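Right, one structure below, let's go through it.
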Amino acid sequence: MRKVSAIYPGSFDPPTNGHLDLIDRGSKIFDQLVVALLRNPDKAPLFTLPERLRMLESMTEGFKNVRVETFDGLTVDYAAKVNASAILRGIRAISDYEYELQMALMNRKLHPELETVFMMPAEQYSYLSSRLVREIAQLGGSVKDLVPEMVEQRLKEKLDPAIKLQHARGSKSRKRG
Ligand code: PNS
C-alpha cells in the first residue's frame, strides 16, 4: 500500500504545546511526519537552531513515525527532497487563514502535486503562539501549560540572569576540574 508522508514546517521558536498537539494529530493521519525546522539566517531567533532542534527531538521522541530535520530554501523543494506529498499546517483562528491561504496557493503554484493539509489544534491552544510565549517569558510571566515543562525550563535558563550565571560558573568549574 502507498505510504503518505508529510512535512510540518515552521520556525518553532520555541516549540509550544500547540505545535505538539498538531504533531500528535498529524502523526495519526500520515504514515510519516517530518517536523521541518527552518534554518533562517535573516531572523534573530531567541533559541539557536541546535537548541530548537533538541527541544523538538525531545518532545517527539515518543512518536514512532515522526522525525525532526532542519531545512533551508523553499519548503516545496524540501518536501520533494523527502518525498512528502503534503505540507501540514495549523489554523488556529480566522486571522491565520489569509496568510496560510496565500502560502498554500503559492506553494501549489510552485509545486502543483503537493497538497497543504490544515488541521485545527485543540481549543485551549487556539490563542497560543511562539511569539506570545517569548513575550510572556521575557516579561517574567508564567508559560506553564503553554509549552512542555522542558521548554519552560529552557526559557527560564535563557532569560533568567541568575540561572545563566549559575550555569556559566558550573561549566567554568567543570572545565577547571
Ligand atoms: O513558523 P512559521 O513562521 O509559521 O513558518 C513559516 C514557514 C517556515 C512555513 C514559511 O516561512 C516557509 O515555508 N519558509 C520557507 C521559504 C519558502 O518556501 N517560502 C515561500 C512560501 S510560499
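What you get for region 11-166, charging only the Cβ of Lys and Arg (+1) and of Asp and Glu (-1), is a dipole of about 200 debye around the Cα centre. Evaluating kT/(6 pi eta Rh) at 4 °C and 1.567 mPa s, with the Kirkwood radius of region 31-109 over Cα pairs in the Stokes-Einstein relation, gives 91 µm² s⁻¹.
Shape verdict for region 1-140, please, from the Cα gyration tensor: rounded (a/c under 1.5), prolate (a/b greater than b/c) or oblate. Here region 1-140 falls in the rounded category.
Within the chain, what's the longest stretch lacking trypsin sites (Lys or Arg not before Pro) that sit in DSSP loops with no more than 15 other Cβ atoms inside 10 Å?
Here the longest run is 65-143.
Going down the table (Lys3/Lys64; Lys81/Lys109; Lys28/Lys156; Lys3/Lys81; Lys28/Lys64), which pairs top 22 Å between alpha carbons? Present the calculation step by step, with values, prior to reporting the outcome.
On the way: Lys3/Lys64 15 Å; Lys81/Lys109 18 Å; Lys28/Lys156 32 Å; Lys3/Lys81 16 Å; Lys28/Lys64 11 Å.
In this structure, Lys28/Lys156 lie more than 22 Å apart at Cα.
Applied to region 59-65, the Karplus parametrisation 6.51 cos²θ - 1.76 cosθ + 1.60 on θ = phi - 60° returns per-residue 3J(HN,Hα) values of 5, 10, 5, x, 9, 5, 9 Hz, with x for Gly and Pro.
For region 42-129, applying the loop criterion from DSSP together with a ceiling of 13 other beta carbons within 10 Å to the chymotrypsin sites (Phe, Trp or Tyr not before Pro) yields Tyr127. In order along region 94-108, phi translates into HN-Hα couplings of 4, 4, 6, 4, 4, 5, 5, 5, 4, 5, 4, 6, 5, 5, 5 Hz, rounded to whole numbers, per the Karplus curve 6.51 cos²θ - 1.76 cosθ + 1.60 with θ = phi - 60° and x for Gly and Pro.
Which FRET efficiency, nearest 0.05, do Arg2 and Asp160 yield, Cβ-Cβ r, R0 45 Å? After rounding, the FRET efficiency stands at 0.35.
Round to a whole number: what % of the accessible area of the chain belongs to carbon and sulfur, probe 1.4 Å?
53 percent
For the chain, the solvent-accessible area of protein heavy atoms averages 62 Å² per residue (probe radius 1.4 Å; ligands and nucleic acids excluded).
The values are calculated or read from the model by the stated rules, or taken from the named source; none is laboratory data. Please read all numbers here as calculations on a predicted model, not as lab measurements. Every residue, glycine as well, gets a Cβ built from its backbone with ideal geometry; the counts of neighbours run over all protein chains shown. Each accessible area value is taken on the protein alone, full model and side chains, heavy atoms only, with ligands, DNA and RNA left out. Shrake-Rupley method; radii C 1.70, N 1.55, O 1.52, S 1.80 Å.
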